[in-house]
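The structure appears below as structure tokens.
The values are calculated or read from the model by the stated rules, or taken from the named source; none is laboratory data. If you're wondering where the values come from, they're calculated on a predicted model, not measured in any experiment. Using ideal geometry, Cβ is built from the backbone for each residue, glycine included, and neighbour counts are taken over all protein chains shown. Accessible surface areas use protein heavy atoms only, side chains included; no ligands, DNA or RNA. Shrake-Rupley method; radii C 1.70, N 1.55, O 1.52, S 1.80 Å.
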Amino acid sequence: MDNIFAIMTFAFGGGLLLYALALSRGNYNNILRNWATNPPDKEKYTKEFGKIIAFIALAPIISGILSLFINNIIAGIILAVLLILFIVFGVNHMKKYL
């Protein structure tokens, strides 16, 4: 039971990576709430969105790796900080494509 945090974060990160892979094909309909945005180039927007999702998926994967070596509480704090940083970066990056 000591490694359940690592297993869960790996699963979550893996799921996000699979979603990013699906988005990398450029199908705009794979984006949830795609009706909320109207980008000029939908295929490019979708591919960039997939890259950002893959980047955000690194946060739980990094945290999961660290949780194998350090305390899970510290790994959880690192996960929260990385998620906030990566999401802020992603939002700022995607503003160029709207």
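Determine the shape class of region 32-74: with a ≥ b ≥ c the square roots of the Cα gyration tensor eigenvalues, call it rounded for a/c under 1.5, and otherwise prolate if a/b is greater than b/c, oblate otherwise. Prolate, because a/c is 1.5 or more and a/b exceeds b/c. Over all Cα atoms in the chain, the spread is summed up by Rg and Dmax: 15.0, 48 Å.
The magnitude of the dipole of the chain, with charges of +1 and -1 set on the Cβ of Lys/Arg and Asp/Glu and taken from the Cα centre, is near 400 debye. Share of carbon and sulfur in the accessible area of the chain stands at 70%, probe radius 1.4 Å. Quick check: the angle from helix 72-94's long axis to the longest principal axis of the chain, C-alpha only, nearest 10 degrees? Rounded to the nearest ten degrees, it is 10.
For region 55-98, the per residue solvent-accessible surface stands at 61 Å², with DNA, RNA and ligands left out and a 1.4 Å probe.
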